[in-house]
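Undergrad: Got a structure here, written out as structure tokens. Questions coming.
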Amino acid sequence: MARERATALLLDFDGVLRRWDPAVAAGVEREHGLSAGVLTDIAMQWGRLQPVLTGKVSHADWVTSVADALTESVGSPERARAAVEQWQRYRGEVDTEVLDFVREMRAAGIRVGLGSNATDLLDADLAALGLIGELDVVVNSSVLGVHKPAKEYFQAACEALETPPARVLFVDDEDWAVRGARAAGLSAYRWSGPEGLRYLRAALAPVSR
């Protein structure tokens, strides 16, 4: 049986609407004499990351824990803190092609939400990147207390979009998130870059105002 045509869009933030230039972290690591990739390796350790993504600890606490772990590696708290603080000052860049697409869809009557596993810094990041007002809803895992790919996350996102799951198209650059969305009843598309916008335009139905 054919699926219902989507009338709402749920976009991942990191890797879809926001891009990160890996050269920034690499430059910080070189400047401070750190091994390549160590900042990301420490920051993304799941035992450290999961609490901040579910609101159990703050972004500031998470950053401190990254610096503490880095200190064990480099032996200097001052050097570790300086490197982490410099790394954190970079907040990524908006993919302007994706933002133009978001504006196009909203103008056509499609509700667009941001669905992110994020920390309590998300609102500040959206403001810094000029994205306030560009989305109909923002669904932040650290506010919900549950993260993708949990079914409860996607249920909450659909409720925020005021759209049933069968009419929501979810876009993410991670396979596990796409699988979770489909298990929750949403349509889902694995993002690999702006070449996917043609498919997304075809998949979304204009909504009469």
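The values are calculated or read from the model by the stated rules, or taken from the named source; none is laboratory data. For clarity, every value in this text was computed on a predicted model and none was experimentally measured. Quick reminder, even Gly has a Cβ in these numbers, built from the backbone with ideal geometry, and neighbours come from all protein chains shown.
Undergrad: Specify the residue that is surrounded by the most Cβ atoms within 10 Å (Cβ to Cβ); the eligible residues are those in segment 51-62 that are touching an Asp or Glu at 6+ places or on another chain (Cβ under 8 Å) and in a helix (DSSP H, G or I).
TA: It comes out as V52.
Undergrad: Give the residues of segment 1-45 that are of a type in the set (K, R) and either at pLDDT below 95 or part of a helix (DSSP H, G or I) (or both), sorted by residue number.
TA: Within segment 1-45, R3, R5, R30 qualify.
Undergrad: Please go through segment 31-55 and give me each residue that is closer than 26 Å to Y153 by Cα and in contact (Cβ under 8 Å) with a residue 40 or more places away in the chain, ordered by number.
TA: Within segment 31-55, Q50, V52, L53, T54, G55 qualify.
Undergrad: Please report, ordered by residue number, the strands (runs of 3 or more DSSP E) entirely within segment 107-196 with at least 3 residues that are without any contact (Cβ under 8 Å) to a residue 40 or more places away in the chain and over 14 Å from D14 (Cβ atoms).
TA: Output list reads 187-190.
Undergrad: Moving on to the next point. Somewhere in segment 152-171, is a residue charged (D, E, K, R), under 14 Å from G115 (Cβ atoms) and assigned by TED's automatic domain parsing to the domain that holds A107?
TA: yes
Undergrad: Looking only at residues that are under 17 Å from A184 (Cα atoms) and of a type in the set (D, E, K, R) in segment 116-151, which one is surrounded by the fewest Cβ atoms within 10 Å (Cβ to Cβ)?
TA: In this case the residue turns out to be K151.
Undergrad: Among the listed residues E72, E85, identify the single one that is more than 30 Å from Y199 (Cα to Cα), at pLDDT below 95 and not assigned by TED's automatic domain parsing to the domain that holds D136.
TA: Sole residue among the options that is more than 30 Å from Y199 (Cα to Cα), at pLDDT below 95 and not assigned by TED's automatic domain parsing to the domain that holds D136: E72.
Undergrad: So, T54, is that one in contact with a Pro (Cβ under 8 Å, 6 or more places away or on another chain) and of a type outside the set (K, R) or not?
TA: For T54, the condition - in contact with a Pro (Cβ under 8 Å, 6 or more places away or on another chain) and of a type outside the set (K, R) - is not met.
Undergrad: Let me ask something else about it. Of all residues in segment 148-193, how many are within 24 Å of D100 (Cα to Cα), of a type in the set (D, E) and more than 17 Å from the chain's Cα centre (by Cα)?
TA: 1
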